[in-house]
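Okay, structure first, notes after.
The values are calculated or read from the model by the stated rules, or taken from the named source; none is laboratory data. On a predicted model such as this, the values are computed, not experimentally measured, just so you know. Here the Cβ positions follow ideal geometry from the backbone for every residue, glycine too, while neighbour counts run over all protein chains shown. The accessibility values were calculated without ligands, DNA or RNA, using every heavy atom of the protein model including side chains. Shrake-Rupley method; radii C 1.70, N 1.55, O 1.52, S 1.80 Å.
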Amino acid sequence: MAVLSETIESTRISSGQLCVVAGANAPTTQHRIAAVLEGHFGDISLLLAHTPGEVAELELGADAIVILVCDLDLPREMATLRRLRREVPGPAIVAVSPTATATGVRRALDGGADAIVFEPLLESTLAVTVSAVGSGQSVVPREMRASVERPAFSHRERQVLTYVSQGLTNAQIADELFLSESTIKSHLSSAFAKFGVRSRREAAALFLELEQTTNGPLPGEEQELISPTPRKA
């Protein structure tokens, strides 16, 4: 039977891969993780670490896999993920989270997660995710694929997103760009689809993050300036 142990043991899954569950505030999820991995990989023992610092003290090898129980939409838990990646740079990290927004998924990947598993699908996806990560792959829920691929926006879509990130309404954006409101809605709908989001807030957050991490137009975009059209006199 899989055991969540607080002592350092010889913990193996396959191919010499160590697996550690980090976080002590979700015992039910931890035991679900243990049951899933035992059922798939056989009789194993999981080291239990409460903090990134405790994980670092284990001095895991580069082939280790750390399973971090967290909520991708909570900033303080994303801070824990980033700290874990800083203190434990070698092992892969699988984040197990309640179903999260596209923004949370994007931030988790940027923060150092190699794979993401949503808790409701833990029993059906964790083992295959761990196997994939052990083979050097990154894994995200299929429905979140659009949010992690760097989208290519048209010049107009970027203008609209720029104004959305500034808090303007569709009517105000239409006035600024000398376009109809229905056209603005069309551009925004296209941008939502490319990001894989449903809300203006998520789209604006992802767009701002892309702008901060990208120099120049994204692949496939028109080579034009993206500064908003000057206001009408």
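Where the accessible area of segment 150-214 is counted over protein heavy atoms with a 1.4 Å probe, how much of it, in %, is carbon and sulfur?
50
Rounded to the nearest 0.05, what FRET efficiency do residue 199 and residue 59 have when you use their Cβ-Cβ distance and R0 = 45 Å?
Numbers: r = 43 Å, r/R0 = 0.95.
Working from the Cβ atoms, E equals 0.60.
Kindly write out, for segment 181-187 in residue order, the coupling ³J(HN,Hα) from the Karplus curve 6.51 cos²θ - 1.76 cosθ + 1.60 (θ = phi - 60°), rounded to whole Hz, with x marking Gly and Pro.
5, 5, 5, 4, 4, 5, 4
Once you place label points 7 Å from the Cα toward the Cβ at residue 181 and residue 123, how far apart are they in nm?
Distance between the two pseudo-spin positions: 4.8 nm.
Set Lys and Arg Cβ to +1 and Asp and Glu Cβ to -1, take the dipole of segment 158-205 about its Cα centre, and tell me which of 195, 160, 177 lies farthest positive.
Positive-most Cα among the choices belongs to 195.
Counting only heavy atoms of the protein chains, get the accessible area per residue of segment 149-207 (1.4 Å probe) and round it to a whole Å² value.
About 46 Å² of surface per residue is accessible.
How many percent of the accessible area of segment 84-124 is carbon or sulfur, using a 1.4 Å probe?
Within segment 84-124, the accessible surface is 53 percent carbon and sulfur.
Past the 21 angstrom mark, what percentage of all C-alpha to C-alpha distances in segment 38-160 do you count?
More than 21 Å apart: 41 percent of the Cα pairs in segment 38-160.
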